[in-house]
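To start, the structure itself, in structure tokens.
The values are calculated or read from the model by the stated rules, or taken from the named source; none is laboratory data. For clarity, every value in this text was computed on a predicted model and none was experimentally measured. A quick note on method: Cβ atoms are made from the backbone with ideal geometry, for glycine too, and the neighbour counts reach across all protein chains shown. Just so you know, the surface numbers come from the protein's heavy atoms only, side chains and all, with ligands and any DNA or RNA stripped out. Shrake-Rupley method; radii C 1.70, N 1.55, O 1.52, S 1.80 Å.
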Amino acid sequence: RLYSVRYRYRLPYPVDFFQAFQEGASANVRWFLDAAFRSRATVDWRIDVTEQKVAPRLGYFPGADGTWSMVKEQPQDAQYRADVVVRRDGEFALPLELELVWDDGSKERLTWTREEQLRQAWWKPLADRAPSTRKLTSAVLDPSQRYWLDTDFSNNAWHASRDTRSALRWSERVWSQFTQSLHWFGGLGG
């Protein structure tokens, strides 16, 4: 609003828009405006997930007093360890949200801050967690779809179960286009 009032009936430059935007927002977002409008910085976030069942401990282990003792854990509930790695390719860094959905229906949202992305181009949000009885069913980057700057959206989500219907949907679309082109070619003949 400030920009439209201040530069009405004038010929403003991009610098004028940036200054008016920062004044109106009362925030210093010069880093964002420079990266988004004055550079060729791109971003491609991707997520890699591996989940494995943790085997119970079996063998000889040192105790607190220095003696070795035989440990044989009885398998109780299945324990799972999820290893989630989020990577950023490119120079553009924005705060990114990660949503984890567990098999008991609980959801968890974690944020990878801009400062952490500038320090390191990868992030392991579950690195310090102990194995759990919950199993990870999905992990989605930017679940509210705030950013449309990503160069490849196909690697922004991971799901434990595969969708078997999507291949059928795509083959149906291809078949439909093929039959339409055959119909068109048939109309050319005499």
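The figures follow:
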| read-out | value |
| --- | --- |
| Under the Debye formula (equal points on every Cα, no solvent term), log10 I(q)/I(0) of the range 1-63 at q = 0.14, 0.19, 0.24 Å⁻¹ | -0.62, -0.86, -1.05 |
| E108 paired with Q177, simple spin-label distance in nm, labels 7 Å along Cα-to-beta-carbon | 4.1 nm |
| Listed residues S144, S161, S176, most fluctuating in the chain (Gaussian network, C-alpha, under 10 Å) | S176 |
| On Cα atoms only, tilt of 14-25 relative to the major axis of the chain in degrees | 60 degrees |
| Projected area averaged over orientations for the chain, convex hull of C-alpha atoms, nm² | 22.3 nm² |
| Among D65, D16, D150, residue whose mean-square fluctuation peaks in a GNM of the chain (springs only between Cα atoms under 10 Å) | D65 |
| 14 Å cut-off, amide nitrogen to a point 7 angstrom out along A160 Cα→Cβ, residues in the range 27-57 | 49-54 |
| Sites matching GluC sites (Glu not before Pro) across the range 64-118 that sit in DSSP coil, with at most 12 neighbouring C-beta atoms within 10 Å | E73 |
| Rg over Rh, two decimals, the range 1-113 (C-alpha only, Kirkwood Rh) | 1.32 |
| Whole-percent carbon and sulfur share, accessible surface of the range 26-79, 1.4 Å | 52 percent |
| Helix axis angle, 165-188 relative to the chain longest principal axis, alpha carbon, degrees | 40 degrees |
| Average Cα contact separation per residue, the chain, under 8 Å, 6 or more apart, as relative contact order % | 20 percent |
| Cβ-Cβ FRET estimate between S26 and E99, R0 fixed at 30 Å, reported to 0.05 | 0.50 |
